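A quick write-up on the structure given underneath.
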Amino acid sequence: MAYAPSKIHALSSALVVGLLLCLPAAGQTATQQKAKSKIPPGFSALFNGKDLSGWRGRPHLDPSKEAAMEKQQLAAQQKAWDADVAQHWRVENGEIINDGHGAFLTTNESFGDMELWLDYRTVAQADSGIYLRATPQVQIWDTTEAGGKWNIGADKGSGGLWNNQKHARHPLKLADKPFGEWNRMRIVMLGEHVSVWLNGQQTVDHTPLENFWDRSKPLAARGPVQLQTHGGEIRFRNIFVKRFTDIEANQLLAKQQAKEFHSIFNGNDFEGWTGAVDNYEVVDGTVRCKAGAGGNLFTTKTYADFVVRFEFKLPPGGNNGLAIRYPGTGNPAYDAMCELQVLENTHPKYANLKEYQFHGSIYGQHPAHRGYLREVGKWNFQEVRVQGSLIHVVLNGTTILHQDVSQLGDPIDGQKHPGKTLTSGHFGFAGHNDPVQFRNIQMRNL
């Protein structure tokens, strides 16, 4: 069943309002607010209120360096990190307390798309934060002038993505409570995009958290949560997490700028589409290429600059493609501006793929970043922006391709791509015999 944007918006709004009602107001003093809040529906507790079960020690460290350690080396290192945690972290009265020193408290579990809630209370001169996917960070610090860090943005408040360089790093507003009061932080992660609310006020609005460790690559698809310690006592409590399903994550992603998009597939038939119509079918509100069939199904309308978003589901080894500015005839990989790969590239039969053949790549011309497809059988959410000669692809909330095709040299596949300079054309799907499904196909003209 296709999701109407208005219904998605209503669902998301109801979810947010319902969750906000589950926990008491942030910012109250310890005597005004109970130390333990009830776990909100759909969430689980990351801290049991008694000990540090489910947590380990880990410092500020590039995940790739940890992954490169030999098994015995990592075990010895982990033992040392845990011993460091035992010296500087403790649990008292349902609170995790750190003295301002030591390795960071780190979840054993890694997380992808999620919503995280926690309360914290800190002191003057303290500087802390929340690492997401082992990457710095949602900032927590002394925001007073006496704290001595106004020169680097402390006056803007906590709750920003302080280590960003390209995208917004400062919070949208100052929302910190005075020292001695508890702050409540709510973090939503969708792909690389982060939204933050501090004490009920939004400080980050769906902004990419940059990969601090290698800014040429997107943020990792999964990773642990870390509670940073840096220079002063900080206390945490009521740490809850909700792990989003693919459906929930897609609904929240679709909510972004939903009013600016319009549907180009009615969920019932191929009105507004042409080409290899007989090789595709409408199944439960989705477009599906027939098994053993293929060809190009494309819109009757043409588009110049546009943003298209949709959900897709790949069967094992499934292969399809997006025809971008397709002239209506020929092979989209060469005769259109380009074909963007839609491919379940983890299948063994694709063990020897060229770099330009992985999902999201500009076929034959430029590779996309890998590792951001969901498990086979789950729905993915993708958005493609085509503006002039620039193509920008966001898969499940993470940018996997950003390329100006006019800046590319000779095609790396050694073939001619005469359609590369087209400034308008049809949008469509280039089927390759597999039952790949698409739904909620939305278009926005630029």
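Of all residues in the stretch 198-245, those being under 17 Å from the mean Cα position of the chain (by Cα) and in a strand (DSSP E or B) number 10.
Restricting the first member to the stretch 53-78 and to residues that are closer than 15 Å to V225 by Cβ and in the same structural domain as N98 (by TED's automatic domain parsing), and the second to residues that are modelled with pLDDT of 95 or more and surrounded by fewer than 15 Cβ atoms within 10 Å (Cβ to Cβ), the beta-carbon pairs closer than 6 Å and six or more apart or on different chains are G54/N108; R56/N108. Only one of the numbered conditions (1) crowded, with 19+ Cβ neighbours inside 10 Å; (2) at pLDDT below 95 is not met by E339, and that is (2). For the stretch 279-312, the set of residues classified as in contact with a helix residue (DSSP H, G or I) (Cβ under 9 Å, 6 or more places away or on another chain) and either of a type in the set (S, T, N, Q) or outside any loop (DSSP other than H, G, I, E, B) (or both) consists of C289, G294, G295, N296, L297, F298, V307, R309, E311, listed by residue number. Working only within the stretch 222-238, note down all residues that are buried (at least 19 other Cβ atoms within 10 Å of the Cβ) and either among the aromatic types (F, W, Y) or closer than 14 Å to G397 by Cα (or both). Of everything in the stretch 222-238, just one residue is buried (at least 19 other Cβ atoms within 10 Å of the Cβ) and either among the aromatic types (F, W, Y) or closer than 14 Å to G397 by Cα (or both), namely F236. Only one entry of A146, A134, A175 meets the criterion of being surrounded by fewer than 16 Cβ atoms within 10 Å (Cβ to Cβ) and among the small types (G, A, S), and that entry is A146.
Among the residues making up the stretch 210-221, a single one is surrounded by fewer than 19 Cβ atoms within 10 Å (Cβ to Cβ) and in contact with a strand residue (DSSP E or B) (Cβ under 6 Å, 6 or more places away or on another chain): F212.
Exactly one residue out of G428, G360, G409 is more than 26 Å from L209 (Cα to Cα), crowded, with 20+ Cβ neighbours inside 10 Å and not assigned by TED's automatic domain parsing to the domain that holds L190, and it is G428. Take E92 and tell me if it is under 24 Å from G57 (Cα atoms), free of Cβ contacts under 8 Å to residues at least 12 places away in the same chain and surrounded by fewer than 22 Cβ atoms within 10 Å (Cβ to Cβ). So E92 fits the description; yes. Of all the criteria given as (1) within 26 Å of S195 (Cα to Cα); (2) touching a strand residue (DSSP E or B) at 6+ places or on another chain (Cβ under 9 Å), the one not satisfied by S64 is (2). Taken over the stretch 332-366, the residue count meeting the criterion of being touching a strand residue (DSSP E or B) at 6+ places or on another chain (Cβ under 9 Å), free of Cβ contacts under 8 Å to residues at least 24 places away in the same chain and assigned to a loop (DSSP other than H, G, I, E, B) is 2. Which residue out of G328, G321 is assigned by TED's automatic domain parsing to the domain that holds P418, in contact with a strand residue (DSSP E or B) (Cβ under 8 Å, 6 or more places away or on another chain) and part of a loop (DSSP other than H, G, I, E, B)? Criteria check complete, one pass: G328. In this structure, is Q365 within 26 Å of L209 (Cα to Cα), under 26 Å from the mean Cα position of the chain (by Cα) and outside the structural domain of F244 (by TED's automatic domain parsing)? For Q365, the condition - within 26 Å of L209 (Cα to Cα), under 26 Å from the mean Cα position of the chain (by Cα) and outside the structural domain of F244 (by TED's automatic domain parsing) - is not met. Does V241 qualify as being of a type outside the set (F, W, Y) and either exposed (fewer than 14 other Cβ atoms within 10 Å of the Cβ) or in the same structural domain as G330 (by TED's automatic domain parsing) (or both)? Spelling it out, it is not the case that V241 is of a type outside the set (F, W, Y) and either exposed (fewer than 14 other Cβ atoms within 10 Å of the Cβ) or in the same structural domain as G330 (by TED's automatic domain parsing) (or both). Note on the stretch 69-120: no enclosed strands (runs of 3 or more DSSP E) hold 1 or more residues that are at pLDDT 95 or above, under 26 Å from the mean Cα position of the chain (by Cα) and more than 30 Å from Q201 (Cβ to Cβ). Does at least one position in the stretch 258-267 carry a residue that is assigned to a helix (DSSP H, G or I) and free of Cβ contacts under 8 Å to residues at least 24 places away in the same chain? Among the residues of the stretch 258-267, not one is assigned to a helix (DSSP H, G or I) and free of Cβ contacts under 8 Å to residues at least 24 places away in the same chain, which makes the answer no.
Inclusion of V384 among residues that are crowded, with 20+ Cβ neighbours inside 10 Å and at negative phi is warranted.
Filtering Q201, Q139, Q165 for residues that are within 30 Å of F381 (Cβ to Cβ) and in contact with a Gly (Cβ under 6 Å, 6 or more places away or on another chain) leaves a single hit, Q139.
Screening G160 on (1) of a type outside the set (A, V, I, L, M); (2) outside any loop (DSSP other than H, G, I, E, B); (3) within 26 Å of E233 (Cα to Cα); (4) in contact with a Ser or Thr (Cβ under 7 Å, 6 or more places away or on another chain) shows it passes everything except condition (2).
A quick yes/no check of all residues on (1) buried (at least 22 other Cβ atoms within 10 Å of the Cβ); (2) under 30 Å from the mean Cα position of the chain (by Cα):
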position	(1), (2)
E271	no, no
N296	yes, no
E311	yes, yes
G317	no, yes
L322	yes, yes
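The values are calculated or read from the model by the stated rules, or taken from the named source; none is laboratory data. The structure presented is a predicted model; accordingly, all values stated were derived computationally and were not measured. Backbone-built Cβ (ideal geometry, glycine too); neighbour counts: all protein chains shown.
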